1. How much of the DSSP beta bridge set in the chain is antiparallel, as a percent to the nearest 5?
2. Quick check: from the Cα gyration tensor, does the stretch 349-430 come out rounded (a/c under 1.5), prolate or oblate?
3. Take the alpha carbon gyration tensor of the stretch 148-261, find the square roots of its eigenvalues, order them as a ≥ b ≥ c, and report rounded if a/c is under 1.5; if not, report prolate when a/b exceeds b/c, else oblate.
4. Hey, fewest Cβ within 10 Å first, where do 465, 371 land in order?
5. Once you have the Cα-Cα distance between residue 248 and residue 137, take 0.36 nm times their residue separation minus that, and quote the gain in nm to one decimal.
6. Is the shape of the chain best called rounded, prolate or oblate, per the rule: a/c under 1.5 gives rounded, else a/b larger than b/c gives prolate, else oblate, with a ≥ b ≥ c the square roots of the Cα gyration tensor eigenvalues?
7. Put +1 on the Cβ of each Lys and Arg and -1 on the Cβ of each Asp and Glu in the chain; which of 71, 124, 320 then has its Cα farthest toward the positive end of the dipole?
8. In deg cm²/dmol, rounded to 500, what helix-only [θ] at 222 nm does the chain give when every DSSP H run of at least 4 residues adds -39500 (n - 2.57) and the total is split over its residues?
Amino acid sequence: MIAPMFSRLRNVLLVGGVLGLLSACAGLSDGGDRLAQCSSLIDRVDQRIADKQVGDAEAAPISGFPYLRVNRFLASFRDDMGEMARFDEWIRRLRALDREGRSVELQNLGTGDIILMVDECAEMLLARDFKDAAFQSRLLTAARPPQHYNDWVRAAGLYPLTHFGVALGFDRWKAENLPTFGEDPSMWSASETRYTLPTRSDLSSSDVAAFISLSAQNALGIPDVTGSVLMRMAKAYAPVFAVEETSAADKLGRPHWSSDGVIPRTDPNDPVVYVRLAHTRMDGEVLPQLVYTVWFPERPKEGVFDILGGALDGLVWRVTLDRQGRPLVYDSFHSCGCYHLFFPTDLVQRVHIAEDSDLREEPLTPMQAPHLQEGERLVLHVASGSHYLRGLSVTPSWEDAKTLRVVDEHASPEFGLRSAKAEGGTRRSLFAPDGIVAGTERTERFILWPMGISSPGAMRQWGTHATAFVGTRHADDPYLFDEAFKR
């Protein structure tokens with residue numbers, strides 16, 4: 001099977017006209033050292049991906065292991081391997097991250113036909129390296145979580161001094177915006193447009209608990225709810241987005257690239273909610289999270305001195321469930337990583353952490369989440385223009401809401417917005433190789449750069465959200481909830 005594989009690979013690349021990879025194929029003979037050929041091929045493919053700027057930032061490549069990638073969640077298991085079955089399961093998941101990332105990159109490179117062949121090469125290299133007695137120790141050392149704070153930039157920006165001004169600005173923002181959570185949400189209803197998923201879910205909490213339990217039957221105890229089950233769960237816990245609509249900037253829509261490929265736009269005729277499964281670690285358990293993301297065309301500028309406005313604006317809502325299928329904590333942030341807010345249910349309480357006693361940004365909890373009765377749904381009240389979340393309420397009925405088309409962010413070929421159809425039948429990610437959406441830069445980056453975050457205010461990809469300017473915090477930190485909330 002191997003020899004025909006390389007023969008087909010040569011033909012695909014020749015027909016596709018991918019000139020930058022022809023040299024990688026030249027050595028793929030039917031004989032010789034195929035492992036060396038595989039290694040060379042993956043090196044050349046990676047170089048071509050880098051040259052064409054189609055890299056995917058959702059998971060980070062692991063130095064010295066070009067067939068594996070890691071995210072913050074899987075990196076958290078590095079010191080928790082124990083028996084060999086746990087390490088094998090961990091490896092399988094690192095491979096899955098690389099497989100998905102390469103699928104995205106090769107599709108956007110225009111060489112999607114070679115995905116399976118490159119994957120076979122990656123499996124061969126893994127099998128070879130796995131026999132090395134030092135493989136496990138080398139990998140555990142190398143598989144470090146990606147970081148989205150740059151200490152060198154903080155040093156150059158005199159962070160020990162400049163962070164005082166940013167902390168004061170954060171306090172002003174809290175004073176101006178958090179009081180709305182104490183207001184009566186009914187006062188906004190006349191100017192709001194409601195959006196939510198199309199139908200009620202047929203799942204009970206016991207059904208959800210069973211799905212979580214069954215899907216967690218692996219050596220790491222990670223719930224793997226996918227496919228139609230994930231979509232049914234997404235319907236069960238989906239909020240209603242009640243958006244104060246005063247202009248076209250407040251209409252939800254599907255992001256896409258404009259014809260010039262420079263500024264991202266949204267299609268208001270196709271309102272979409274993107275759903276993904278994520279995980280957190282809390283009280284010694286791995287818990288599932290449902291992540292919902294909607295997009296607005298822009299945050300309109302309020303004047304020439306507005307440093308926060310710009311193209312595209314995304315709002316993320318996350319539901320963290322316990323193993324019984326009960327919401328423990330809700331949280332929300334914008335797709336820039338800004339304005340991170342937490343809403344604990346009555347099953348948990350916010351506990352004191354170190355950030356509460358210094359200038360670092362603490363996990364903000366402006367209100368406790370309303371308790372939901374059977375058949376009720378949370379309503380997220382979203383302000384016009386800024387798209388700040390300004391209140392939560394409960395509704396037993398949402399038939400008057402506009403329908404949001406639901407998209408699974410892990411489903412191919414789009415993988416959410418990581419490989420969408422573009423002009424001329426090509427594919428393109430909404431996100432650049434650093435995870436930032438080009439064209440969404442905000443003027444605030446010229447002020448906040450000393451905080452060490454790349455392009456503050458710009459929209460960015462899942463896995464790249466730094467959510468605190470003062471201090472450090474990532475939205476996908478696997479211990480974020482374990483530290484700040486206790487059951």
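1. Details: 53 of 64 bridges.
Counting only bridges with both partners in the chain, antiparallel ones make up about 85 percent.
2. Details: a/c = 2.45, a/b = 1.41, b/c = 1.74.
Oblate, since a/c reaches 1.5 and b/c is not below a/b.
3. Details: a/c = 1.85, a/b = 1.30, b/c = 1.43.
Oblate is the answer for the stretch 148-261, as a/c is 1.5 or above yet b/c matches or exceeds a/b.
4. Numbers: 465 23, 371 11.
Ascending Cβ contact count within 10 Å gives the list 371, 465.
5. Numbers: separation 111, 0.36 × 111 = 39.96 nm, distance 5.44 nm.
Full extension of this stretch gives 34.5 nm more.
6. Details: a/c = 1.59, a/b = 1.48, b/c = 1.07.
Note, shape of the chain comes out prolate.
7. About the Cα centre, the residue reaching furthest to the positive side is 124.
8. Values: 13 runs with 148 residues, N = 487.
Value at 222 nm, helices only: -9500 deg cm²/dmol.
The numbers here are math on the coordinates, done by the rules we state, and not lab data. Just so it is clear, the structure is predicted and the values come from calculations on it, not from any experiment. FYI the Cβ positions are ideal-geometry reconstructions off the backbone, even for glycines, and counts take in every protein chain you see.
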